[in-house]
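Here's the structure we're looking at; comments come further down.
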Protein chains: 2
Amino acid sequence: MPKNYSKFKKITENWKLLIAADIVVFAFIENKLSVLLVERRYAPGIGQWAIPGGFVREDESLEEAALRELNEETGLSRSSYLEQLYTFGEVKRDPRGRVISTAYMVLVSEPEKIRLKASDDAINAKWFAISGLPTLAFGKSHKEILLYAWQRLKWKFEYTNVAVTMMHPEFTLTELQKLYESVYNKNIDKRNFRKKILSLDLVEPIDKVSQELGRPAQLYKAGTKKLKIYNRVI
Amino acid sequence: MPKNYSKFKKITENWKLLIAADIVVFAFIENKLSVLLVERRYAPGIGQWAIPGGFVREDESLEEAALRELNEETGLSRSSYLEQLYTFGEVKRDPRGRVISTAYMVLVSEPEKIRLKASDDAINAKWFAISGLPTLAFGKSHKEILLYAWQRLKWKFEYTNVAVTMMHPEFTLTELQKLYESVYNKNIDKRNFRKKILSLDLVEPIDKVSQELGRPAQLYKAGTKKLKIYNRVI
DNA sequence: TTTGTTGTTGTGAATAATACACTTTTGTGC
DNA sequence: GCACAAAAGTGTATTATTCACAACAACAAA
């Protein structure tokens, strides 16, 4: 280490800082926007539901830590989308000491393929519809992070094509519309929706139809075209 | 400290993490969007220009640290706007050790009132037009932060009324337009601009005109109306 | 009073957003 | 095979919004 690092050395002494990564995981389950929560095994907030997360280790980046913790606590191993949301740095956020926490948002396309599991830190992991959240641990903090993430998601849905990353590989326009409706929390006109989506080339029809009740629907896949993306990770 | 903090204790052992706050300061100087940079006194990057910033202390939040460092390194004490941008958490960002850095953006309304000064850490502090930046310290990292901040600023100008926080308390519409043009880096039609700004009620005319060359211009002040603001700090 | 400089004002065309309801295609039960 | 249920698919008229574009007005200096 070169000279002139004296100030650095001084600052590194005498106190301890930890950084945590918290991850808001969204998926579209039974036509409802849903969030993955864990039931905490340890204090603070034993037995309460919380956003999955944990401390960053020495040899991993913030993003790596987010994905590792997510995998450890929930079994979720591959997600289609990861985006940093915000870093919370108030002095007394955590009773355990000086903890800074960076919140991430993850979007999952096929939640039914994920085997949720208990872990060292979490007694349980479970999907909750955004409209039926339980009381969360960590006072208002986790609730706020969650609502902030939802807000960001609405934004992204308006200005990018992230929505398709939450769909199955093959989907109908009606399904896609239901996802938009659950994220915006309001109804959308079918014709206007289709006009818009198709004019943006966000999706491509495939040579296949769905077979459900009623008239079969054209199936689509995600388009190759990427929308202009504004945030760093968007 | 309650029981069951064992994992926390384990993680806090054996390694050191520091968190830094970097601040991109924008002001509108001589019709040009400008950025405040400091000339580094210490390694790494001695003598090179860099975004002002420094390490967060034990007893201060991230935002407090950002503002304190800004004040220490540049003499800047009051800014009209502060917003968190992004947290960089790669493992080997900094030669001094594991450093995580949160970038902030600050907007200044009356840069000519600020007495820039040298400091412990900075030999010098100086405004640079965004189109005439010097080579920056810290490899590509600081340049990227800066360009990201500029991008974010463009966004904010489109969807909020932050622009007026960069103007003097009294300003003409032409001055405001010049600011928009310097941020967007393109020309704007005068008539359309005025129509838009006035229809949004972003500004209020005051009982005063400017006295420059040519026809006197109506002076305006910031409107009380706040635009809907989407990001956490926006 | 002329010239230079800047501020102020309006209109028409193109595009995008919104509101709105019926027909088509399939499967099922009689 | 016919009536019904269920969901998919489709078009048009109206209203906002955006954009391109140029003449005139107010003042100062010469």
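The values are calculated or read from the model by the stated rules, or taken from the named source; none is laboratory data. All values reported here derive from a predicted model rather than from experimental measurement. Please note: Cβ atoms are built from the backbone with ideal geometry, for glycine as well, and neighbour counts cover all protein chains shown.
Annotations for the structure displayed:
- Just one of the listed residues (B:ALA149, B:ALA163) is out of contact with any Gly (no Cβ under 9 Å at 6 or more places or on another chain), away from DNA strand D (no atom under 13 Å from the Cβ) and assigned by TED's automatic domain parsing to the domain that holds B:ASP94, namely B:ALA149.
- Of all the residues in the range A:159-209, those that are more than 13 Å from DNA strand C (Cβ to nearest atom) and small (Gly, Ala, Ser) number 2.
- Taking the criterion of being among the acidic types (Asp, Glu) and surrounded by 14 or more Cβ atoms within 10 Å (Cβ to Cβ), the residues of the range A:111-145 that qualify are A:ASP121, A:GLU144.
- Residue tally, condition at pLDDT 90 or above and over 12 Å from the mean Cα position of the chain (by Cα), over the range B:138-150: 3
- Test result for B:SER34, crowded, with 18+ Cβ neighbours inside 10 Å, in the same structural domain as B:LEU136 (by TED's automatic domain parsing) and within 15 Å of the chain's Cα centre (by Cα): yes
- Residue in the range B:178-193 that is over 30 Å from B:ALA21 (Cα atoms), touching a residue at least 24 places away in the same chain (Cβ under 8 Å) and away from chain A (no Cβ under 14 Å) present: yes
- Within the range B:77-90, tally of residues that are assigned to a loop (DSSP other than H, G, I, E, B) and either farther than 20 Å from A:ALA103 by Cβ or modelled with pLDDT of 95 or more (or both): 4
- Yes/no for A:ALA222 being near DNA strand D (Cβ under 7 Å from one of its atoms) and touching a strand residue (DSSP E or B) at 6+ places or on another chain (Cβ under 8 Å): no
- Tally of residues being part of a loop (DSSP other than H, G, I, E, B), within 9 Å of chain B (Cβ to nearest Cβ) and under 27 Å from A:TRP155 (Cβ atoms) across the range A:94-125: 0
- Flag for B:LEU153 being within 14 Å of chain A (Cβ to nearest Cβ) and assigned to a helix (DSSP H, G or I): yes
- Sole exception among (1) in contact with a Gly (Cβ under 6 Å, 6 or more places away or on another chain); (2) modelled with pLDDT of 95 or more for A:GLU69, by number: (2)
- Residue among B:ASP201, B:ASP189, B:ASP207 that alone is loosely packed, with under 15 Cβ neighbours inside 10 Å, near DNA strand D (Cβ under 9 Å from one of its atoms) and among the charged types (D, E, K, R): B:ASP189
- Close pairs from the range B:12-40: first on the phi > 0 side of the Ramachandran plot, partner surrounded by fewer than 24 Cβ atoms within 10 Å (Cβ to Cβ) and at pLDDT 95 or above, Cβ under 9 Å, at least 6 apart: B:GLU30/B:ALA129; B:ASN31/B:GLU175; B:ASN31/B:LYS178; B:ASN31/B:LEU179; B:ASN31/B:GLU181; B:ASN31/B:SER182
- Residue in the range A:61-76 that is farthest from the other protein chains (Cβ to nearest Cβ), counting only those that are assigned to a helix (DSSP H, G or I) and surrounded by fewer than 18 Cβ atoms within 10 Å (Cβ to Cβ): A:ASN71
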